[in-house]
Amino acid sequence: MAASRRIVLGLKVVLWLSALAPAAWCAAGYFFDWLGANPIEKLTHVTGMTALVLLLVTLAVTPFRRVTGWNPVIQLRRPLGLFAFFYVCLHFSIWMVLDLGFRLDWVWDDIKERPYITVGFTGFLILIPLAATSTRGWIRRLGKRWTKLHRGIYLAASLGVIHYYWLVKADVRLPLRLGAILAVLLAMRVAFWWSKRREKVRRAAVPAASAAAR
Ligand code: HEM
């Protein structure tokens, strides 16, 4: 097995184990009753934070690949994104089932009336088509539209940060730090896009200039 394939395999094992650990911790804590005085708040906290961190790590994969030139890392992007979606689903289900007792009228009232819930719910809705089209078949079927659709992950992550910033009552340092990381990742994407565009323009100009010289 080539060295880079072995490294990717090792990273995938680490990814699966570390991404499943918070869910296993939540399930064990809930069933064995060691989540403290407010278990639902704890579960919402762990699942929300894990979802946001995984979204940011997913967004860091492409900049990492561009900076290091190590292409095999791209194989981690899909499992990372799907794990992020899995935690957003858990986060949403805990709120809907354990917090609101599956009362759909309360769920709807909260979505309508509490701005941070409206924003989080919008982020969740944006992630649904991204997760649904993450298979190879959909990538092939959608072609260039797939890349455009999947840029929605930046919007979902931004809404996740705003949602977190909005619900924090006093100390906003952590949501601001996560927002700064997101801004850096977005700026890197824009810089890569800009340099690719300039390269394209330069390449198009070279044959035109040599044809004019002939
Ligand atoms: C992109 C989607 C989302 C992300 C990344 C996200 C992330 C987070 C984060 C980081 C927290 C703070 C955890 C803490 O420190 O306590 C949080 C809390 C919370 N989220 Fe989300 N969330 C998302 C979507 C949603 C949705 C769809 C709902 C429900 C409709 C929701 C409901 C809540 C609630 C009720 C809290 C706890 C608020 C509190 O403690 O007062 N979130 N979320």
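Surface listing: Glu199, Glu41 arranged by accessible area from highest to lowest gives Glu41, Glu199, probe 1.4 Å. Considering only Val107, Val201, Leu149, the residue lying farthest towards the positive end of the dipole of the chain is Val201, judged by Cα position with unit charges set on Cβ.
For helix 115-132, report the angle its Cα long axis makes with the longest principal axis of the Cα atoms of the chain; keep it between 0 and 90° and round to the nearest 10°. That works out to roughly 60 degrees. Helix 152-167 and the longest principal axis of the C-alpha atoms of the chain enclose an angle of approximately 40°.
Using C-alpha pairs under 8 Å with a sequence gap of at least 6, the mean separation divided by the residue count of region 1-136 gives a relative contact order of 24 percent. Placing unit charges on the Cβ atoms only, positive for Lys and Arg and negative for Asp and Glu, gives region 3-190 a dipole magnitude near 1440 debye about its Cα centre. Listed by chain and number, the lysines whose C-alpha is less than 28 Å from the C-alpha of Lys144, apart from same-chain residues fewer than 8 away, are Lys12, Lys196, Lys200. Straight-line reach from Lys42: taking Cα to Cα under 19 Å and skipping same-chain neighbours fewer than 8 places apart, the aspartates and glutamates in range are Asp33, Asp99, Asp171. Taking every protein chain into account, the accessible area of region 1-99 amounts to 55 square angstrom per residue (probe 1.4 Å). Given R₀ = 41 Å, FRET efficiency for Ala170-Ala204 by Cβ-Cβ distance, to 0.05? Plugging the Cβ-Cβ distance into 1/(1 + (r/R0)^6) gives 0.15. Couplings 3J(HN,Hα) of region 193-201, computed from phi: 4, 5, 5, 5, 5, 5, 5, 4, 5 Hz, in residue order, whole Hz [Karplus 6.51 cos²θ - 1.76 cosθ + 1.60, θ = phi - 60°; x for Gly and Pro].
Ranked by the mean number of other Cβ atoms within 10 Å of their residues, highest first, the peptides 18-29, 154-165 come out as 154-165, 18-29.
Applying 1/(1 + (r/R0)^6) with r as the Cβ-Cβ distance of Arg78 and His45 and R0 = 30 angstrom yields a FRET efficiency of 0.70.
For Asn38 and Asn71, what is the calculated FRET efficiency with R₀ set at 45 Å and r taken between the beta-carbons, to the nearest 0.05? Between Asn38 and Asn71 the formula returns 0.50. Could you tell me which of rounded, prolate or oblate describes the chain, using a ≥ b ≥ c as the square roots of the eigenvalues of the alpha-carbon gyration tensor, with rounded for a/c under 1.5 and, failing that, prolate when a/b is larger than b/c and oblate otherwise? Prolate.
With respect to the chain, whose longest principal axis is taken over its alpha-carbon atoms, helix 77-93 is tilted by about 30°. The simple spin-label model puts a point 7 Å past each Cα toward its Cβ; for Ala27 and Arg103 those points are separated by 3.0 nm.
The values are calculated or read from the model by the stated rules, or taken from the named source; none is laboratory data. Because the structure is a prediction, the values reported are computed rather than measured. Using ideal geometry, Cβ is built from the backbone for each residue, glycine included, and neighbour counts are taken over all protein chains shown. Heads up: the accessible areas ignore ligands, DNA and RNA and are worked out on the full protein's heavy atoms, side chains in. Shrake-Rupley method; radii C 1.70, N 1.55, O 1.52, S 1.80 Å.
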